[in-house]
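Only one structure is covered here, and it is reproduced in the block below.
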Amino acid sequence: MVGRGAAAGAAGRLRGPGRRAADAPPSGGPVPGLRPLAAPALTEGRYRAQAAYWRDRLPTCRTRWTCSTDVPRRPGRAPRGATVHGSTGAALADAVTALACRSAATPTMVLLAAFHALLHRYTGQRDVVVGMPVAARTPAEVSPLIGLFVNTVAVRAPVAPAAGFGALLAEVRTATTGALEHQDLPFDRVVAELPAEPGGAAPPVFGVLFDHTRFSGRTDTLGDVTLTYLDGAATGAAKFDLSLSVTDPGDTDAGTDGYGLELEYDADLWRPESAHRLLTHYTTLLAAATADPERALAALPLAAGRTRPGARLLGRRGTFDARPGRPGRPGVRRRLGRAGRGRVAGRRGDVDYADLCARAERLGAALRAAGAGPDRPVAVLLDRSPG
């Protein structure tokens, strides 16, 4: 039997201190005092109120997720899933908790705000929407039940590059609170309430997911049954382009401090090294944001120190390959090959157009590593060419 964390917690509450499995209601039998639940358990008025909230919160398809990939996206394919793992370290986990306390927020909101900031830096989008699973156990009679009641909500937050991380955290706190207050409407019905795309297709509300899971431990017992936490279902399929799962300190493998991180990604779009790099960027940005919440989002570093030659960053303009002599865009490389053997005069000798393109893209990668991005002017000092 496989269940989610909320179900495991319900199992523990059902058992209770010193309670035997035999004391629990029989499988499939009624729970004393529990009335049958309608699906969904919403009155007509509450349904309309929640539907109105989501129509106002997600009014158009401007929320479409767009991000550069290592491999072009092919329509009609079955996404292959893969995962990479990491951790924040104990000190950063403490910093997240401290910032949450100072900001009247929760650690989940701090972690989610950092994910919003990172997605903005990767895409250049200032309107970021992230999906988040919720327990959907708001009726009191549902809370102690073992079973799957999970729903998904969309957390939409505006991102201002010049504003501090604290301002983004406030936006995410408001968006998360509103989403949780309106979590009873099943997500498929939320989508049905939104305007359809041209051609009648459902709007792509989000392409990335964030999940913060809390457990009391990796194993538990229910009578003679042992409950063991699984790091992932390992289905081999990616439900979303990117899914970041965070587990609380102490809930990960022995010897790992801080929050545990698991990134599931579409292996047909990104390579493993890009997925590992994303986790590194996430922890680096999170550390800088918690250390100085007033620092502008555009100035938060993604990598410690200077980016080494050969490091690649995902960005709005595409994936740049900063290795010497290798233009990063195949289309540009093909056009340059057809352009002949033209050369450009330089102070240190002539260079061909392919090498010039490679140098320009290495410069672009270095500027991105320093925090440059769309709508942010930068000054570049270059030597004059001869003549």
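Every read-out reported here was derived from the displayed coordinates using simple, explicitly stated rules and does not represent laboratory data. Being a predicted model, the structure only gives us computed values, none of them experimental. Glycine gets a Cβ as well: all are built from the backbone with ideal geometry, and neighbour counts include every protein chain shown.
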inquiry  = Just to verify a number: FRET efficiency for residue 180 and residue 359, C-beta to C-beta distance, R0 = 35 Å, to 0.05?
reply    = 0.10
inquiry  = Please compute the length gained on full extension between residue 71 and residue 160, using 0.36 nm multiplied by the number of residues separating them and subtracting their Cα-Cα distance.
reply    = 29.1 nm
remark   = When 84, 128 are arranged by how many other beta-carbons sit within 10 Å of their Cβ, fewest first, they go 84, 128
remark   = Expected sort for 65, 54 with the fewest Cβ neighbours (10 Å cutoff) up front is 65, 54
ask   = What FRET efficiency, computed as 1/(1 + (r/R0)^6) with R0 = 25 Å and r the Cβ-Cβ distance, is obtained for residue 257 and residue 78, rounded to the nearest 0.05?
value = 0.10
request  = Show the residues, 5+ positions off or on another chain, whose built amide H is closer than 5 Å to the amide H of residue 80.
outcome  = 238, 267, 268
task = Extending each Cα 7 Å along its Cβ direction at residue 127 and residue 188, get the distance between those two points in nm, one decimal.
result = 2.7 nm
ask   = Fewest first, what order do 134, 155, 191 take by the number of other Cβ atoms within 10 Å?
value = 191, 134, 155
query = What is the gain in length, in nm to one decimal, between residue 97 and residue 381 on full extension, counting 0.36 nm per residue of separation less the C-alpha to C-alpha distance?
reply = 98.0 nm
